[in-house]
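A quick write-up on the structure given underneath.
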Amino acid sequence: MTKRIIAVLLCLLTIVGCMAGCATYDENEDKGQCLTMYLTQDLYDLDPMYAYNNESAINVVSLLFDTLFKLDENGKVVNSLASGYSVKEDANANEYKMYINIKDTCWSDGTQISADDVVYAWKRVLDPESSSAAAPLLYDIKNARDVKAGDRSIDDLGIYAEGTQLLSIEFEGKIDYSQFLLNLTSVALAPLRENITGKGDEWAKKAVTMVCSGPFKLGRTTISETKSGVMYDHTGFLEEVRTKDANGKETVKGVICTETRSFPEYTQTSFTLERNAYYYRDREKDSIKKTVTPYKIIVDCSMTDEEIKSAYESGRLFYIGDIPVSLRNDFASEAEVRDSMSTNLISLNQNAQITNKKTGKTETQSSTGTTTNSRNYTNTVEYSVDEDTIKSLEVSSSSATGLVPEGVFETSSAKKTFRDGCSETYKYLTYNVDEAKSLLSTAGINPSDYAFTITCAAYDEVHTMIAEAVCEAWKSLGFDVMLKKRGA
């Protein structure tokens with residue numbers, strides 16, 4: 001479990017004002033503050049549906065897209081886009097329904113937010129072709145599981161728009177309504193516009209193709225080639241091909257490239273969030289600062305760690321994301337530390353090509369084991385990696401010691417964690433180099449005979465550091481291991 005270090009809460013940055021009262025709108029009035037922040041992880045896709053598992057993405061996407069309900073500073077579920085809800089139960093007919101009224105507010109282009117936008121967004125999450133991890137949040141809805149499994153049509157899903165501002169939800173049976181409302185606070189379930197989102201995957205990457213329902217909208221984005229020298233392989237992309245006929249007339253068409261090519265790593269150097277002028281505001285009557293005080297947030301992703309430290313100490317910088325690892329000790333005494341569950345998974349390729357340096361041959365790793373077996377390799381990973389080393393690298397963290405991290409509660413108790421109730425048998429991660437070597441010897445493996453590669457995402461600092469530590473652990477056993485840092 002990694003403890004995220006967050007310097008400034010997003011709720012302080014949005015500074016959403018009181019909804020009551022009006023003021024005469026003056027175009028010449030002070031626009032408000034322009035805030036500069038730093039983000040430690042690059043974000044290339046601001047689609048709410050895919051922000052579910054990325055904390056940095058959630059922090060930004062939550063400023064761009066509003067949800068029906070939200071959590072207040074005390075962790076209580078309160079209305080956001082929803083103005084209220086009601087529940088209707090008929091046990092004899094096994095009918096359990098919820099009705100949610102949606103407030104009268106607009107998207108960043110002035111179009112009214114409607115119940116149809118909610119229906120479309122939720123059906124998109126539950127589409128069998130969708131890879132969104134947020135789908136289980138909606139499984140209480142009638143036929144939701146069958147729809148996601150592809151056993152029913154998406155039109156069988158128990159959600160309907162009854163008019164412009166009323167959402168009707170039908171459930172499989174009696175449910176925990178409080179838990180369902182808590183699920184609806186996830187930004188992954190934020191309403192979306194079908195005429196915008198349905199145009200393709202690029203809609204959430206460019207300001208010109210995105211409309212937002214939150215206090216801010218996406219402004220200018222700058223992407224530049226990095227100086228790291230990191231390259232990544234890509235195939236199947238659309239390549240522009242130009243041809244000329246006998247008269248010299250040029251034709252341009254897109255052809256899918258079937259060859260794998262290497263490309264330099266590009267990274268996001270900055271992007272801007274601009275105030276949504278329609279956010280709970282009447283443009284004709286209300287002050288421009290009625291609901292959102294800052295008029296612009298500039299997110300700088302290009303600074304070095306020392307530049308970040310200098311900018312923060314001089315008061316020129318806010319953070320929305322993790323403080324870089326190299327600076328965590330410097331700010332440990334003043335930073336607010338909060339628990340955030342995370343895991344780092346190393347996946348072993350069951351059909352990996354492993355080079356035998358002694359014979360010069362490439363052997364195939366498989367579950368039956370022409371080289372070794374999967375269990376020996378898995379156990380070797382467990383025994384060779386020192387969790388204390390990982391903890392010292394991250395700063396302010398504790399080890400998961402298993403697939404289920406600390407902080408996951410039992411479904412039957414809000415006070416008892418999964419770890420408290422599980423058997424010691426499942427707390428399997430231990431550090432024992434001698435045992436790792438013994439397993440290899442039993443399998444007839446001489447580590448110095450073998451070379452292989454571990455691949456990690458270069459844009460994630462913590463995961464890269466963990467991958468480097470794992471490589472060093474395997475090298476200590478005698479393997480020839482290379483770390484390949486793949487660009488974003």
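The values are calculated or read from the model by the stated rules, or taken from the named source; none is laboratory data. Not measured: the values here are computed from a predicted model. Note that each Cβ is placed from the backbone with ideal geometry, even for glycine, and that neighbours are counted across all protein chains shown. Note: areas computed on protein heavy atoms with side chains; ligands, DNA, RNA excluded. Shrake-Rupley method; radii C 1.70, N 1.55, O 1.52, S 1.80 Å.
Annotations
- When restricted to residues that are part of a loop (DSSP other than H, G, I, E, B) and not charged (D, E, K, R), segment 46-95 contains 16.
- Any hit, segment 154-169, residues being of a type in the set (S, T, N, Q) and either open to solvent by 60 Å² or more (accessible area, probe 1.4 Å) or within 19 Å of ASN183 (Cα to Cα) (or both): yes
- Meets criteria (touching a Leu at 6+ places or on another chain (Cβ under 9 Å), among the aromatic types (Phe, Trp, Tyr) and either closer than 30 Å to TRP107 by Cα or at pLDDT below 80 (or both)) for PHE271: yes
- ASN74 more than 16 Å from ALA188 (Cβ to Cβ) and either more than 27 Å from the chain's Cα centre (by Cα) or acidic (Asp, Glu) (or both): no
- Taking segment 299-338 as the range and being at pLDDT 80 or above, of a type in the set (Val, Ile, Thr) and surrounded by 13 or more Cβ atoms within 10 Å (Cβ to Cβ) as the test, the residues that pass are VAL299, ILE308.
- Scanning segment 204-215 for residues that are in a helix (DSSP H, G or I) and open to solvent by less than 10 Å² (accessible area, probe 1.4 Å) returns a single hit, ALA204.
- Within the option set ASP127, ASP90, ASP116, ASP109, being more than 24 Å from the chain's Cα centre (by Cα) and without any contact (Cβ under 8 Å) to a residue 40 or more places away in the chain holds for one residue only, ASP90.
- Scanning segment 216-263 for residues that are at pLDDT 65 or above, part of a loop (DSSP other than H, G, I, E, B) and surrounded by 10 or more Cβ atoms within 10 Å (Cβ to Cβ) yields a count of 1.
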